[in-house]
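**Student:** I'd like to ask you about the structure that follows.
The values are calculated or read from the model by the stated rules, or taken from the named source; none is laboratory data. Bear in mind the structure is a predicted one, so any value in this text is a computation, not a measurement. Here Cβ is always computed from backbone atoms with ideal geometry, including for glycine, and neighbour counts include all displayed protein chains.
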Amino acid sequence: DQQVKQNSPSLSVQEGRISILNCDYTNSMFDYFLWYKKYPAEGPTFLISISSIKDKNEDGRFTVFLNKSAKHLSLHIVPSQPGDSAVYFCAASGSATISGGYNKLIFGAGTRLAVHP
Amino acid sequence: DAGVIQSPRHEVTEMGQEVTLRCKPISGHDYLFWYRQTMMRGLELLIYFNNNVPIDDSGMPEDRFSAKMPNASFSTLKIQPSEPRDSAVYFCASSLFLLGQAPYEQYFGPGTRLTVT
């Protein structure tokens with residue numbers, strides 16, 4: 001039962017154009033979403049996040065959009081650069097518990113982005 | 001800080017052998033996570049610890065898998081006996097919970113690529 005789905009295993013984009021990576025989730029209790037980037041032979045690194053109280057968060061060339069009614073989020077990279085070529089993981093979590101605990105991240109399977117000149 | 005350290009980086013073993021993966025989290029972090037990455041299932045959380053105490057091990061696939069965290073600076077993931085289907089990349093990650101802040105950004109190690117023949 002995949003609660004976080006990245007249906008496109010790969011994406012190829014020309015340098016300078018926009019890259020759009022998509023992610024769908026099924027659990028309506030998720031209220032925090034993150035994107036991680038992973039280069040070969042390295043661990044994933046945090047890229048950008050968004051809380052469910054927002055519908056957009058921007059950080060430089062990276063923007064994440066959240067559509068709660070559709071249970072869908074997307075990562076936009078503009079303009080795309082060859083160094084953006086990596087695997088991108090979408091992750092989701094519920095809020096911390098009232099006691100201040102922690103809810104684990106649920107990751108999607110990843111989308112491999114290739115940015116070519 | 002050196003980041004999350006994992007050893008070994010590569011492990012090749014024969015079916016039936018015991019395998020031990022090691023992790024040193026970032027100093028001061030109070031959460032430690034073990035993940036497994038496969039092509040089919042992406043990044044799966046196996047187990048996580050808070051202040052050295054296992055909190056959720058529901059992702060551990062079988063009794064052949066066990067994890068310990070004897071102190072704040074060291075954790076092990078053991079597979080005994082190992083099987084070919086255990087072949088994957090195993091990641092360790094750590095994070096710090098700060099009250100009032102979303103504790104979801106995790107710092108990953110470079111991973112251990114395990115091959116069981």
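**Student:** Could you figure out which of (1) closer than 18 Å to A:L113 by Cβ; (2) more than 12 Å from every other protein chain (Cβ to nearest Cβ); (3) polar (S, T, N, Q) isn't true of A:S69?
**Tutor:** Result: A:S69 passes all but (1).
**Student:** Follow-up question, since we're still on this one. When only residues in region B:94-105 that are more than 7 Å from every other protein chain (Cβ to nearest Cβ) and under 20 Å from B:N52 (Cα atoms) count, which is modelled with the highest pLDDT?
**Tutor:** Selected residue: B:S94.
**Student:** Right, something else. Determine which member of the set A:S52, A:S10, A:S28 is under 15 Å from A:V115 (Cα atoms), out of contact with any helix residue (DSSP H, G or I) (no Cβ under 8 Å at 6 or more places or on another chain), of a type in the set (G, A, S) and surrounded by fewer than 20 Cβ atoms within 10 Å (Cβ to Cβ).
**Tutor:** It is A:S10.
**Student:** Restricting attention to region B:1-31, report how many residues are part of a loop (DSSP other than H, G, I, E, B) and more than 14 Å from every other protein chain (Cβ to nearest Cβ).
**Tutor:** Residues that pass the stated criteria total 8.
**Student:** Of the conditions (1) over 11 Å from the mean Cα position of the chain (by Cα); (2) surrounded by 15 or more Cβ atoms within 10 Å (Cβ to Cβ); (3) not basic (K, R), B:L32 satisfies every one except a single condition; which number is it?
**Tutor:** Condition not satisfied by B:L32: (1).
**Student:** Considering only region A:41-63, how many residues are within 14 Å of chain B (Cβ to nearest Cβ) and either free of Cβ contacts under 8 Å to residues at least 24 places away in the same chain or over 18 Å from A:G94 (Cα atoms) (or both)?
**Tutor:** 15
**Student:** So, one more: In region B:32-54, how many are touching a Pro at 6+ places or on another chain (Cβ under 7 Å) and either away from every other protein chain (no Cβ under 11 Å) or in a loop (DSSP other than H, G, I, E, B) (or both)?
**Tutor:** 1
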